[in-house]
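Okay, structure first, notes after.
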Amino acid sequence: MTLTPRIARYDQLLLDLDGCLWVGDEALEGAPEAVTALREAGKAVAFLTNGVRHAPEEYVRKLWRLGFQAALSEVVTVGSAVQFLLSDRGGGAAYVVGSQALVDHVAEAGMRIVNRTEFATRADVVVVGAHQDLSYDEIKIAAQAVIRGAELIGATRDASVPMPDGPWPGTGAVLAAIETAAGRTADRIAGKPEPAMYETARDRLGEGRCLAVGDRIEIDVLGARRAGMDSALVLTGGATRAQAEAADPAPTHVADSLAALVLQ
């Protein structure tokens with residue numbers, strides 16, 4: 001398999017997952033072959049996701065199951081970016097709204113988890129990510145901690161997550177509830193389109209000319225611009241070519257799919 005000229009000039013590709021490699025539990029047509037071709041051409045690959053419900057190991061298993069070769073070091077979740085952001089704090093207490101995977105990343109950054117303790121509302125940091133077992137008490141405790149002065153870190157501002165049965169509420173929806181209750185906006189956002197996730201990927205991949213590939217203009221294209229790299233928009237996640245042409249910032253490349261972007 002031969003790469004298209006527009007892809008051949010890049011050393012590294014940062015590939016979004018949902019809407020780019022797969023939708024729900026099905027790989028998009030030609031996507032596994034495109035990733036294989038990148039590897040055969042000697043390109044470095046990282047898989048980026050704003051998903052907050054699963055650990056990197058779970059994404060590796062799904063990638064293999066759907067036909068993509070992947071190493072654990074190549075998967076950069078938003079939890080990885082949260083850990084990257086927190087690693088310079090030197091410890092402290094954290095209250096986490098989110099899945100166990102997100103809790104684990106915060107703990108691995110050296111933070112003391114105070115969920116389900118009497119110190120929860122006195123946390124130094126509140127980290128927010130959507131999860132299916134979200135409760136009213138979590139929003140209440142998080143807001144109280146922020147009002148007391150805790151730093152508020154949102155995993156992402158994604159309002160929804162694409163799923164086969166329609167969009168599911170995303171971290172941005174949960175974060176908005178806490179921001180509204182606390183009366184202020186988040187101090188930092190870890191996931192795309194903010195630079196932290198891209199910096200995490202670059203820290204792993206090293207030097208090289210990098211292309212970020214995704215399916216959302218307001219997330220993937222904007223994130224690449226903020227990180228100072230080229231972007232490619234694939235039209236398998238809902239964006240149209242007309243929207244791509246009208247976008248500001250505009251993507252560097254537009255293609256109907258990852259396969260059309262990559263394969264000659």
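Principal-axis analysis of the Cα atoms of the chain puts helix 136-147 at an angle of about 80° to the longest axis. Our note on the geometry: Cα centres of segment 111-133 and segment 46-94, 20 Å apart.
A 1.4 Å probe run over the protein chains yields, for segment 136-229, 45 Å² of accessible area per residue, whole-number rounding.
Taking all protein chains as present, what is the carbon and sulfur share of the accessible area of the chain, in % to the nearest whole number, probe 1.4 Å?
Details: 5610 of 11480 Å².
Percent of accessible area from carbon and sulfur atoms in the chain: 49.
Taking a probe of 1.4 Å, how large is the accessible area per residue of segment 56-115, in Å²? Write down the numbers at each step before the final one.
Values: 2460 Å² over 60 residues.
Spelled out: the 1.4 Å probe surface of segment 56-115, per residue, equals 41 Å².
Hey, got a sec? Which GluC sites (Glu not before Pro) in segment 104-167 land in a DSSP loop and have at most 10 other Cβ atoms within 10 Å? Each step should come with its number before you reach the end.
On the way: sites: E108, E118, E138, E151; in loops: E118.
Of the GluC sites (Glu not before Pro), the ones in loops of segment 104-167 whose Cβ has at most 10 other Cβ atoms within 10 Å are E118.
By the rule of a C-alpha distance below 24 Å, with chain neighbours fewer than 8 residues away ignored, the lysines paired with K43 are K62, K192.
For the chain, relative contact order (Cα pairs under 8 Å, six or more residues apart, normalised by length) works out to 22 percent.
Express the relative contact order of segment 205-264 as a whole percentage, based on alpha carbon pairs under 8 Å and six or more residues apart in sequence. Could the numbers behind the result be given before it?
Numbers: 88 pairs, mean separation 18.1, N = 60.
Relative contact order for segment 205-264 comes out at 30 percent.
Considering only V82, A8, G110, the residue lying farthest towards the positive end of the dipole of the chain is G110, judged by Cα position with unit charges set on Cβ.
Once a ≥ b ≥ c are taken as the square roots of the eigenvalues of the Cα gyration tensor of segment 52-145, is the result rounded (a/c under 1.5), prolate (a/b larger than b/c) or oblate (a/b not larger than b/c)? Since a/c reaches 1.5 but b/c is at least a/b, the shape of segment 52-145 is classed as oblate.
When the chain is fully extended, how far beyond the present Cα-Cα distance does F119 get from S73, taking 0.36 nm per residue of separation? Display every interim value, and only then the final one.
Working: separation 46, 0.36 × 46 = 16.56 nm, distance 3.43 nm.
Between F119 and S73, full extension yields an extra 13.1 nm.
Working from Cα positions, state the angle (0 to 90°, nearest 10) between the long axis of helix 31-40 and the longest principal axis of the chain. Approximately 70 degrees, to the nearest ten.
Taking the Cα atoms only, what angle lies between the long axis of helix 56-65 and the longest principal axis of the chain, rounded to 10 degrees? Helix 56-65 and the main axis of the chain meet at about 30 degrees.
Peptides 186-192, 203-209, 144-150, 101-107 ranked from most to least packed give 186-192, 101-107, 144-150, 203-209, packing being the mean of other C-beta atoms within 10 angstrom over each peptide's residues.
Assuming charge only on the beta carbon of Lys and Arg (+1) and of Asp and Glu (-1), the dipole of the chain about its Cα centre is about 420 debye to the nearest 20.
The values are calculated or read from the model by the stated rules, or taken from the named source; none is laboratory data. What you see is a predicted model, and the numbers here were worked out from it, not measured in a lab. Please note: Cβ atoms are built from the backbone with ideal geometry, for glycine as well, and neighbour counts cover all protein chains shown. Ligands, DNA and RNA are stripped out before the accessible areas are found, and what is left, the full protein with its side chains, is counted by its heavy atoms. Shrake-Rupley method; radii C 1.70, N 1.55, O 1.52, S 1.80 Å.
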